[in-house]
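Below is one structure, written out as structure tokens; the observations come after it.
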Amino acid sequence: MPQTRHVERHFTAGETVRDIVIGMSDGLTVPFALAAGLTGAINSAGIIVTAGLAEIAAGSIAMGLGGYLAAKSSRFLKRRNGRWPRSFIPMG
């Protein structure tokens with residue numbers, strides 16, 4: 001029986017997927033909570049939809065900037081010291 005070489009390919013984008021999943025869960029929770037709260041307080045569907053869309057836009061900007069700044073500061077720390085500081089332990 002001929003021997004074939006076994007090659008394993010592993011998924012290498014774990015940090016990206018983690019950031020996307022956490023961002024999506026946070027980004028979807030807040031607009032639903034806002035809509036639920038406003039639904040009990042206001043009878044106008046237009047105001048509720050507008051507030052939900054505004055929250056999605058604001059949340060997207062905030063999450064995007066937060067992720068960008070976290071990655072940038074992490075790269076800066078590692079580049080500056082050549083290694084991670086002892087007080088900073090990256091996840092993953």
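The values are calculated or read from the model by the stated rules, or taken from the named source; none is laboratory data. Predicted model only: the values in this text are computed from it and were never measured. Here the Cβ positions follow ideal geometry from the backbone for every residue, glycine too, while neighbour counts run over all protein chains shown.
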Contact list, first residue from the stretch 52-79 and at negative phi and among the hydrophobic types (A, V, I, L, M, F, W, C), second anywhere and outside any helix (DSSP H, G or I) and surrounded by 11 or more Cβ atoms within 10 Å (Cβ to Cβ), beta-carbon distance below 8 Å, six or more apart or interchain, is Leu77/Trp84; Leu77/Phe88
If we ask which residues in the stretch 44-82 are of a type outside the set (Val, Ile, Thr) and over 18 Å from the mean Cα position of the chain (by Cα), their number turns out to be 14
All conditions in (1) in a helix (DSSP H, G or I); (2) modelled with pLDDT of 75 or more are true of His10 except (1)
Counted residues in the stretch 1-43 being exposed (fewer than 11 other Cβ atoms within 10 Å of the Cβ) and within 17 Å of the chain's Cα centre (by Cα) come to 6
